[in-house]
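Nothing in this text is a laboratory measurement; each read-out follows from the coordinates by a stated rule. Everything numeric in this text was worked out from a predicted model, so none of it was measured.
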Amino acid sequence: MATPHQPDGPGGGDHSQSAPVDYVDYQHEAPRVLRLRLSPWDVVSTVVLLILLVILATATTWPKRLFGFLAVVCDDETCGPVPFGLDFYIHPVVWGGIGAAVAAAVIGPFVSLLKGWYMSFWPVLALTLIMVSSVAGSMLTMFSQRYWL
């Protein structure tokens, strides 16, 4: 029986008797081709959802409704201390969620193209990330607000 660091094989872990390594010659292979698997309904739905997401974010009062609580966040030193310093996490949670949503909406479809996945779930994921960051930020604000007074 060999020790835990030596393989149980012929030669008992002695590497001086190892077989020669075969190297593959890639110069004579055909070049690899990247094949994209696209379905027309997936591309159309992704583009429509992304356009709707941009319209929601720019032409409506939706951001003010979701992130209106940021107007009452106490940022200066006159605020009372909040347990565990949770008030310091409000802005990072909100802006991190927005950044993750933008990354999912912009980069996600390209990842799906390369992997062969459906693309239409990325805008839905982006909207979900926006909603989760809004809810988490507003809950942190509601918790911290009673200590700021």
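A few notes on this one:
- Karplus (6.51, -1.76, 1.60) ³J(HN,Hα), θ = phi - 60°, over region 38-49, in Hz, Gly and Pro reported as x: 10, 10, x, 5, 6, 5, 5, 5, 5, 5, 5, 5
- Backbone HN-Hα couplings from phi across region 121-136 [Karplus 6.51/-1.76/1.60, Hz, Gly and Pro as x]: 7, 5, x, 5, 5, 4, 5, 5, 5, 4, 5, 5, 5, 5, 5, 5
- Derived scalar couplings ³J(HN,Hα) [region 57-72; Karplus, 6.51 cos²θ - 1.76 cosθ + 1.60; whole Hz; x for Gly, Pro]: 7, 10, 10, 10, 8, 4, x, 5, 5, 6, 10, x, 5, 5, 6, 9
- In degrees, nearest ten, helix 90-115 long axis to first principal axis of the chain (Cα): 40
- The length gained by stretching the chain between residue 136 and residue 72 to full extension, at 0.36 nm per residue less their Cα-Cα distance, is 21.5 nm.
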